[in-house]
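The structure appears right after this line, and notes come after that.
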Amino acid sequence: MLSQPDHSFDFLALSQQQVAERLRAHTIALSVDEALILQRDILKRPPTLAELVLWSIQGSEHCSYRSSRRFLKSLITESPHVILGPKEDAGIVAVAADKSGLRYGIVMSHESHNHPSQLVPYEGAATGVGGNIRDVCCMGAEVIAIADGLRFGDIHRSETRRIAQGVVAGIAGYGNPVGVPTIAGDVYYDAGYNENCLVTVVTLGIVREDQIIHSYAPPDAEQHVFILVGKPTDSSGFGGASFASADLSNDDIEMNKGAVQEPNAFLERHLLKSTYALFEKIRAKNLTHRVGFKDLGAGGIACASVELADASGYGAEIHLEKVPVNVKQLPPHVALCSETQERFMWLVPNDFADEVLHHYNVIFALPDISVGAKAAIVGRIRTDGMYVVKSFDEEIVHARASDVTKGILQNRPYTNPQRNYVEPQLPEPQNYNEMLLKLLSHENIASRAPIFENYDKQVQGRTVLEAGKADAGVIQPFNETTYPEEIRATGVALSVDQCPRFNRIDPYWGAVNAVVESARNVTAVGAKPIAITDCLCFGNPEKPEQMWEFTESVRGIADACRALGLPVISGNVSFYNESSSGAIPPSPMISCLGKIDDVKKIIDKHFKKSHSQLFLMNLRQDECGGSVYYALHNELGKKLPQPDLSGVSRELAALHEAIDQQLILSAHDISEGGVAVALAEMSFENEIGVNIHLNGELPISKKIFSETGGFILEVMPENRARLQKILNNHQVAFEMIGETQSDKMLRMQSCVEISVQDAKNVFLNGLREKML
């Protein structure tokens, strides 16, 4: 039963100080000016407590993109193969078509759960996975894979290790029971994340184009009703969206733990199973385009219902007394905006509602699976464009739906802080063997096996290349006999990338490198990059220098995507990743999706044969800025990689063609640790040595440790001429740098000579030992 609502607030009768005190007393995340605008210009009357809460959530940066929206418009979001850009809960890109011309899409969503994971690591990460999975399911899709991009603080701090262990356990503790493989991801440790870890999740699903379900009201929805499905509503996660749009303060940690949702992976698994079955009924009745479907994420019932309605010009009426709850006397504004997990919102024709209720409550017995779980009708569409919420007979919200969803937009000033980083003048290493071993054991290079081994990577039977086995994870989404034979060999590759040290030096070039690196990774396995998602994590946008970091990063993403022909199909913005110790490094987390027509042609990064020839694509530059090599000397540097985007485009096309013609035995992109680390990593799996020499005038350290991007390719001698022809046709800079060896030694530039086994041991144990 719901308690009665609180009174309204006449802010115009109060001083600014009194307004601030009232907002603070009720934990409303609105500024004084925003509260006055809400009363004076939007509602034109004193707001209720529920309306204040609603606007603080729906109008937050997390929901309304009020500071970032105008900059995001610069991103490419369309292309011939994009079925749906970043307009709904997830984007969709076509990767295959059957003989009749029907296209099959990969559904892709990318979200963050940063603040919750910093405060309560297990629950924060787990619910981040759960919400992202539901975003993909809501498009009418079957969920087939997840990936994660994780950023933690200094690994030598016990607090960092505690948070990292909790986050990894939370991802595994949700993704594994739900039955979704984790196929890719990346992890970076940097002191800039000591007080603000980043937990970003990418989820993939599959759906045929004509079977997509949208997260908006269909035409002629006047008789449609809202059905809430899943866990009973409680106070868990209340204020999560507004919490995500505020700085982390040590003083508020205990209070804010209540804004973190509680996960139930086994209920989610049952909800997915039952919802997939409902999809089949909807398709059989030709109702696909007569329903709307949405995850209850940020803002709970309020945001799901108002967004479903307003997206098609409708209003909505919600009756909170009909909402299943499991807390006595739950305040109505909490019931309306709680972010209780494992819930969906359907919008269906009134004459189909009973069948939906019977499907969930009787056939799939939700009430028997979890206490209080059920499906219930909680409201209806209104044709007057008004959003009305009632608690019994009392209205607690009455506003135009379009005013709610629009939020209060901000035009933030931004200023270049004029960073003055200096390039260090380091002497050449006295012992290159020792330096390579230090790099291989570094927490940002060493094997990620201690993390990946927590995840189920083969569940569903679609995984072709697991996380860590190649530069990108690869799955075969349509490998079952239920799909047309002509598309079953289709594969998709997935990568997640970003280097915080690059972004700290220059947010524009850092963002460019993140896009380029993710595209290189999917190309290295043989896939053609076709789309990206971005999860943009930054500090306080109210500070001009941090707003500038955001605008520069978006500019870098836009320029890189334009040059590489990559649309952005999904993503989110996470501001206020900041504490009393400062903001995180600018962190545009990029995920790239690639397509390969025949998964039999994919390759990995491991050397296959002795006496094969090694080619370097993209010659070395004096670009050690932000490198792990500089980090070992406690230096950041200035000269970070600045990719020639037209050259990168040619590189990707050339490598894709060479792999498609099956000329390449193995390929690995060059990133952290440079050429030396890339070659070492390629040698470990099959314990095959190398002997290489790079030309040019650079010092040896910059030849082998510079993180200028590119590729190392392993080629049989008989295929050398054909490869060179392809590279020349694409005007790609390359050189042959040596051969693989049978003696299991790593020899480079006549200054490195280490056994593969010694290098492998430090690589395998470097992160594991530091995590203890």
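The values are calculated or read from the model by the stated rules, or taken from the named source; none is laboratory data. A quick note: this is a predicted structure, and the numbers were derived from the prediction, not measured. No Cβ is skipped: glycine too gets one built from the backbone with ideal geometry, and neighbour counts run over all protein chains shown.
For the stretch 370-407, which residues satisfy the criterion of being within 30 Å of residue 545 (Cβ to Cβ) and surrounded by fewer than 18 Cβ atoms within 10 Å (Cβ to Cβ)?
406
Taking strands (runs of 3 or more DSSP E) that do not extend beyond the stretch 673-772, which have at least 1 residues that are among the polar types (S, T, N, Q) and surrounded by fewer than 23 Cβ atoms within 10 Å (Cβ to Cβ)?
Strands (runs of 3 or more DSSP E) meeting the threshold: 689-692, 734-741, 752-755.
State all residues of the stretch 494-541 that are of a type in the set (A, V, I, L, M, F, W, C) and not in a helix (DSSP H, G or I); if no residue qualifies, say none.
Hits for the stretch 494-541 are 494, 496, 499, 525, 527, 530, 531, 532, 535, 536, 537, 538.
So how many residues does the stretch 217-231 have that are out of contact with any helix residue (DSSP H, G or I) (no Cβ under 6 Å at 6 or more places or on another chain) and surrounded by fewer than 22 Cβ atoms within 10 Å (Cβ to Cβ)?
Total meeting the criteria: 3.
Among (1) in contact with a Leu (Cβ under 8 Å, 6 or more places away or on another chain); (2) surrounded by fewer than 21 Cβ atoms within 10 Å (Cβ to Cβ), there is one condition residue 51 misses while meeting the rest; what is its number?
Failing condition for residue 51: (2).
Which condition breaks for residue 101 when tested against (1) surrounded by fewer than 24 Cβ atoms within 10 Å (Cβ to Cβ); (2) on the phi < 0 side of the Ramachandran plot; (3) of a type outside the set (Ser, Thr, Tyr); (4) part of a loop (DSSP other than H, G, I, E, B)?
Going through the list (1) surrounded by fewer than 24 Cβ atoms within 10 Å (Cβ to Cβ); (2) on the phi < 0 side of the Ramachandran plot; (3) of a type outside the set (Ser, Thr, Tyr); (4) part of a loop (DSSP other than H, G, I, E, B), residue 101 breaks only (2).
For every residue, the table says whether it meets (1) crowded, with 24+ Cβ neighbours inside 10 Å; (2) free of Cβ contacts under 8 Å to residues at least 60 places away in the same chain.
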| residue | (1), (2) |
| --- | --- |
| 112 | yes, no |
| 119 | no, no |
| 123 | yes, no |
| 148 | yes, no |
| 153 | no, yes |
| 156 | no, no |
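Examine the stretch 449-456 for a residue that is at negative phi, buried (at least 19 other Cβ atoms within 10 Å of the Cβ), under 26 Å from the mean Cα position of the chain (by Cα) and among the aromatic types (Phe, Trp, Tyr), and state whether such a residue exists.
Checked against the condition, which is being at negative phi, buried (at least 19 other Cβ atoms within 10 Å of the Cβ), under 26 Å from the mean Cα position of the chain (by Cα) and among the aromatic types (Phe, Trp, Tyr), the stretch 449-456 yields at least one hit.
Of 352, 364, which residue is under 29 Å from residue 124 (Cβ atoms), surrounded by 16 or more Cβ atoms within 10 Å (Cβ to Cβ) and in contact (Cβ under 8 Å) with a residue 40 or more places away in the chain? Break it down stepwise before answering.
On the way: 352 fails: under 29 Å from residue 124 (Cβ atoms).
Going through 352, 364 in turn, just one is under 29 Å from residue 124 (Cβ atoms), surrounded by 16 or more Cβ atoms within 10 Å (Cβ to Cβ) and in contact (Cβ under 8 Å) with a residue 40 or more places away in the chain: 364.
Would you call residue 22 assigned to a helix (DSSP H, G or I), within 17 Å of residue 406 (Cα to Cα) and among the basic types (Lys, Arg)?
No, not satisfied.
Filter the stretch 407-453 down to residues that are in a helix (DSSP H, G or I) and not hydrophobic (A, V, I, L, M, F, W, C), then give me how many there are.
Step one: of the stretch 407-453, the residues in a helix (DSSP H, G or I) are 432-441, 449-452.
Among the residues that remain, those that are also not hydrophobic (A, V, I, L, M, F, W, C) are: 432-434, 438, 441, 450.
The qualifying residues number 6.
State the number of residues belonging to the stretch 621-643 that are surrounded by fewer than 19 Cβ atoms within 10 Å (Cβ to Cβ) and under 26 Å from the mean Cα position of the chain (by Cα).
1
Here are some residues: 750, 666. Which one is hydroxyl-bearing (Ser, Thr, Tyr) and under 18 Å from residue 432 (Cα atoms)? Write out each step before concluding.
Details: 666 fails: under 18 Å from residue 432 (Cα atoms).
The match here is 750.
Do we have residue 568 as in contact with a Leu (Cβ under 6 Å, 6 or more places away or on another chain) and within 30 Å of residue 81 (Cα to Cα) here?
Numbers: in contact with a Leu (Cβ under 6 Å, 6 or more places away or on another chain): yes; within 30 Å of residue 81 (Cα to Cα): yes.
Yes; evaluated as a whole, the condition is true for this residue.
Do any helices (runs of 4 or more DSSP H) entirely within the stretch 237-306 hold 1 or more residues that are within 24 Å of the chain's Cα centre (by Cα) and at pLDDT 90 or above, and if so, which?
The helices (runs of 4 or more DSSP H) meeting that bar are 265-284.
Name the single residue, out of those in the stretch 409-431 being surrounded by 15 or more Cβ atoms within 10 Å (Cβ to Cβ) and touching a Ser or Thr at 6+ places or on another chain (Cβ under 8 Å), that is nearest to residue 627 (Cα to Cα). Let's see the steps before the verdict.
Here is the first cut: in the stretch 409-431, the residues surrounded by 15 or more Cβ atoms within 10 Å (Cβ to Cβ) are 410, 412, 414, 421, 426, 429.
Still in the list and also touching a Ser or Thr at 6+ places or on another chain (Cβ under 8 Å): 410, 412, 414, 426, 429.
Working: 410: 36, 412: 32, 414: 28, 426: 13, 429: 15 Å.
Among those residues, the one meeting the criterion is 426.
Report those helices (runs of 4 or more DSSP H) wholly inside the stretch 318-393 carrying at least 1 residues which are at pLDDT 95 or above, touching a helix residue (DSSP H, G or I) at 6+ places or on another chain (Cβ under 8 Å) and acidic (Asp, Glu).
Counting at least 1 such residues, we get 350-358.
Could you tell me whether the stretch 421-434 includes any residue that is touching a residue at least 60 places away in the same chain (Cβ under 8 Å), in contact with a helix residue (DSSP H, G or I) (Cβ under 8 Å, 6 or more places away or on another chain), aromatic (Phe, Trp, Tyr) and closer than 30 Å to residue 316 by Cα? Reasoning before the result, please.
The first filter runs over the stretch 421-434 and keeps only residues touching a residue at least 60 places away in the same chain (Cβ under 8 Å), leaving 421-424, 426, 428-429, 432-433.
Narrowing further to those that are in contact with a helix residue (DSSP H, G or I) (Cβ under 8 Å, 6 or more places away or on another chain): 421, 424, 426, 428-429, 432.
If we keep only those that are aromatic (Phe, Trp, Tyr) as well, we get 421, 432.
From what's left, closer than 30 Å to residue 316 by Cα: none.
No, that holds for no residue.
Going residue by residue through the stretch 516-532, is there one that turns out to be more than 17 Å from residue 563 (Cα to Cα), outside the structural domain of residue 646 (by TED's automatic domain parsing) and surrounded by fewer than 24 Cβ atoms within 10 Å (Cβ to Cβ)?
For the stretch 516-532, residues more than 17 Å from residue 563 (Cα to Cα), outside the structural domain of residue 646 (by TED's automatic domain parsing) and surrounded by fewer than 24 Cβ atoms within 10 Å (Cβ to Cβ): absent.
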